[in-house]
Every structure is written in structure tokens, then in C-alpha cells.
Amino acid sequence: MKRRFAKTAALFAVITILLSFTACNDRTATGEYFDVFGTTLYIEGYSAEEAQSAAAVMREAELLLSADIPSSDIGRINSAAAGESVTVSGLTMTLLLKAREVYLLTDGAYDPSVYPLVELWGFAPGDFVMGIAPDSLPTDGEIAAASELVGFDRAFSLDADALTVTKLTDGAKLDLGGIAKGYAVQNSLAGFSDETLVNLGGNIGGVGRDYTIGIGAPREYTHSYIGTLTLHSGECVSTSGDYERYYFFDGVRYHHIIDPSDGRPADSGLISVTVVCRDGALGDALSTAIAVAGEEKGREWLDALSADHPEISAVFVDGDMNVSVYGRGFSAV
Ligand code: ADP
Ligand code: MG
């Protein structure tokens, strides 16, 4: 309870700021809050029924996708032994295939098999309490051992037709935390008949009109803005940063986005990355990957994607609060 409250409280700070920029023109919207995917879902639209049914669909997805629910598809995969084939739902397979695409595109900067490292650093959902440091940091030996388990193509094999996932390395574990919320938001948009804005823990999608979304400043500036983004109907926006889940140990910040190449919290020079894309899952995973690998790599990947996703755009913030932009739609304050 304590954990969930702390996380929800932290996310509320971000959400409230974001939504103060989205007041509707001349109609009265209804807002509905739900507790989904370990975070707060806020739906601002014109139909409570549609909001409730979107939340119910997201809860079903959570029951399949969450690593910290033992009976979920991902929970069952994580507790399976090497060589065991686990049958999963079509939705889980769809998302694993999407995750694999981003894993390949980003040379493993986004890696859904990163969970052993997420656990080692104390960021598994059941262990982490916002701002509370563990008693000790992982040793180099522990980091090396956990890193041996990470590498999606090495550790898992997918059979898309049979809907099975087979673990190849004992102890390997999956974590869709970097992609599932973006997917869930995008997937919900088709269910709204009128202007609606969906915010799942900072992953936002809108339908029915354009929205102006405030991008909260990272870290200690969380209560101010770096600027606003225009979100067109059907687009989603996701932000990844080192200030959402973190602790300080001996004055050093350790955060929840792990660089699979060295097994440590990412240190790419970027402290916040925001990606806009019609494909919410892709945008979510890409924001995580760019937070890992930095702006230069990020721009290469965005270039590679922009033929298929002409709307794709991004906002990068570095440790000195310098803001730079890829694509369109961003206005600095
Ligand atoms: P949030 O979930 O806070 O919105 P992200 O979308 O960036 O932020 O996802 C971060 C989550 O993704 C982490 O909490 C962890 O579960 C998982 N994760 C951490 N590092 C990676 C990585 N390199 N690749 C894939 N997933 C990651
Ligand atoms: Mg992400």
C-alpha cells in the first residue's frame, strides 16, 4: 500500500501539471481516475462509460503483462525453467514482437529482458519505494552475473504462430514496463467516440482534436515546464527520465532506466526524453531506448523511423537543462 501510494503521489505531481494545459474550449469534460498498471490512469472525455470500459481493457492487459503479477503471461514466463514453452495470449505475443522490433532497431538499448538488472538495482515494482535507497548497491560481480541473463534474442525464443515463448537461459526474465503503458494508451483510443485525452502515468494519447500538452521540467524543476507540444488526434506521447523512479546513494542518483550494455542506470547525458508517435508502444519503448543511448543515436533511430512514421518527433533534455528538438510541434516556454 505504502509503495503504491508513494508512486501514485509522485506521478500525480506530473499529471496535474500536464493536464492544466489541456482545458477544453467551450464544453465541460468529465474526468475519471483509475488505478491501472501500478499507476494512475486519468481519462478526460465526454463519456464515463467509455472511460470505464477503456480502464477495464487496460486492467485485462495488466493481468497479462505485469511482471509483478505471478499469474500473468510475463509472470509465468519469468518463473519458467529454461527449455519450458509458455503459452501466451495474442496480445502478449503482439507486444513481445513489437518489443523485439525496438530491441533490434536500438541495438539492445531497449531490451525487454532487462528485468534481472531492474531487480538487482532495486527497481522491481514490489521492492521500490520512491526516494528510499537500498542498504547497499550491487557489486560488480552481481552486475556481471545479472547481465549474463540479459539479451532478448539470447535468452528467449518466440513462436508467433504457436503463441509460445521459450526461455533459453535459466533465470532470464522479461519486463514490458518500458512499452506496455504506451501500448495500452494507443490501444484505448479507438474506443472513444468524441474528444478524449487519456493519461496513463504520463503516457498520453488524444482523439477528436488537437491537444496542447505541457512537458514538465525534469528533476528538481518538476513543477515548471520546458514547453508545450501539439498532439494531433490519434497520436501518443511518452516521456522517459531519470527523475521518475530513483534514489540517492552517497549523493549519487540511481534511476530505473538501465543500460543493458553496462548493467547500470543509464548515463547518456539525457535526463528526459519525450517521443510523439501514432504507435504508442513504439514511442514508449523508443523514449526508454533514447534515454539509455543518448541524443545522437536517438536521432539516427528517429531518422530511420520517419519514413513509416512521418509524425514522429522528440524532445531531449540534457543534464544542464538544454532542450533540443527533433521534428515539429514543440514550443519552448
Ligand atoms: P516509465 O515506465 O516510468 O514511464 P519508461 O517508459 O522509460 O518509464 O520505462 C522504464 C521501465 O522500463 C523501467 O521501470 C523498467 O521496468 C523498464 N526498463 C528499464 N530499462 C530498460 C531498458 N533498457 N529496456 C527496456 N526496458 C527497460
Ligand atoms: Mg518508455
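Filter the range 35-70 for residues that are within 16 Å of ligand 1 (Cβ to nearest atom) and over 23 Å from residue 94 (Cβ atoms); which is most open to solvent (accessible area, probe 1.4 Å)?
By that ranking, first place goes to 35.
Tell me, which residue of the range 249-263 that is in a strand (DSSP E or B) and surrounded by fewer than 17 Cβ atoms within 10 Å (Cβ to Cβ) is nearest to ligand 1 (Cβ to nearest atom)? Break it down stepwise before answering.
In the first step, residues of the range 249-263 are kept if they are in a strand (DSSP E or B); the result is 249, 252-255, 258-259.
Of the ones still in play, those that are also surrounded by fewer than 17 Cβ atoms within 10 Å (Cβ to Cβ) are 249, 252-253.
On the way: 249: 18, 252: 18, 253: 15 Å.
Among those residues, the one meeting the criterion is 253.
Quick check on residue 234: is it in contact with a strand residue (DSSP E or B) (Cβ under 9 Å, 6 or more places away or on another chain), within 16 Å of residue 106 (Cα to Cα) and without any contact (Cβ under 8 Å) to a residue 60 or more places away in the chain?
No.
Quickly run through the range 164-175 and pick out the residues that are in a loop (DSSP other than H, G, I, E, B), away from ligand 2 (no atom under 16 Å from the Cβ) and crowded, with 18+ Cβ neighbours inside 10 Å.
Residues satisfying the conditions are 172, 173.
I want to confirm something. Restricting to the range 176-197 and keeping residues that are more than 16 Å from ligand 2 (Cβ to nearest atom) and not in a helix (DSSP H, G or I), which single residue is surrounded by the fewest Cβ atoms within 10 Å (Cβ to Cβ)?
190
Is it the case that the range 221-233 has a residue that's assigned to a loop (DSSP other than H, G, I, E, B), within 21 Å of residue 123 (Cβ to Cβ) and in contact with a Gly (Cβ under 8 Å, 6 or more places away or on another chain)?
Yes, the range 221-233 contains at least one residue that is assigned to a loop (DSSP other than H, G, I, E, B), within 21 Å of residue 123 (Cβ to Cβ) and in contact with a Gly (Cβ under 8 Å, 6 or more places away or on another chain).
Just one of the numbered conditions (1) open to solvent by 10 Å² or more (accessible area, probe 1.4 Å); (2) in contact with a Gly (Cβ under 9 Å, 6 or more places away or on another chain) is not true of residue 206; which one?
The one condition residue 206 does not meet is (1).
Could you tell me whether any residue of the range 118-131 is within 16 Å of ligand 1 (Cβ to nearest atom), open to solvent by 50 Å² or more (accessible area, probe 1.4 Å) and modelled with pLDDT of 95 or more?
For the range 118-131, residues within 16 Å of ligand 1 (Cβ to nearest atom), open to solvent by 50 Å² or more (accessible area, probe 1.4 Å) and modelled with pLDDT of 95 or more: present.
Looking at the range 272-281 only, could you name the residues that are open to solvent by 10 Å² or more (accessible area, probe 1.4 Å) and either within 11 Å of ligand 1 (Cβ to nearest atom) or not basic (Lys, Arg) (or both)?
Here is the first cut: in the range 272-281, the residues open to solvent by 10 Å² or more (accessible area, probe 1.4 Å) are 278-279.
The answer is 279, and nothing else.
When you scan the range 108-117, how many residues do you find that are within 14 Å of the chain's Cα centre (by Cα) and either among the acidic types (Asp, Glu) or surrounded by fewer than 23 Cβ atoms within 10 Å (Cβ to Cβ) (or both)?
1
Filter the range 280-310 down to the residues that are in contact with a strand residue (DSSP E or B) (Cβ under 7 Å, 6 or more places away or on another chain) and charged (D, E, K, R), then identify the one that is nearest to residue 190 (Cα to Cα). Full working, then the answer.
Step one: filter the range 280-310 for residues in contact with a strand residue (DSSP E or B) (Cβ under 7 Å, 6 or more places away or on another chain), giving 280, 283-284, 286-288, 290-292, 294-295, 298-299, 302, 309.
Add one more test, that the residue is charged (D, E, K, R), and what stays is 284, 295, 299.
On the way: 284: 18, 295: 32, 299: 30 Å.
The residue in question is 284.
Any residue at all in the range 223-244 that is open to solvent by 10 Å² or more (accessible area, probe 1.4 Å), within 16 Å of ligand 1 (Cβ to nearest atom) and over 15 Å from the mean Cα position of the chain (by Cα)?
no
Kindly indicate whether any position in the range 98-107 is surrounded by 17 or more Cβ atoms within 10 Å (Cβ to Cβ) and within 17 Å of residue 171 (Cβ to Cβ).
No, there is no match, as no residue in the range 98-107 is surrounded by 17 or more Cβ atoms within 10 Å (Cβ to Cβ) and within 17 Å of residue 171 (Cβ to Cβ).
The values are calculated or read from the model by the stated rules, or taken from the named source; none is laboratory data. Keep in mind the model is a prediction, meaning the values are calculated, not measured. Because the Cβ atoms are built from the backbone with ideal geometry, glycine has one as well, and the counts that use them run over all protein chains shown. Remember, those area values only see protein heavy atoms, side chains included, never the ligands or the DNA or RNA. Shrake-Rupley method; radii C 1.70, N 1.55, O 1.52, S 1.80 Å.
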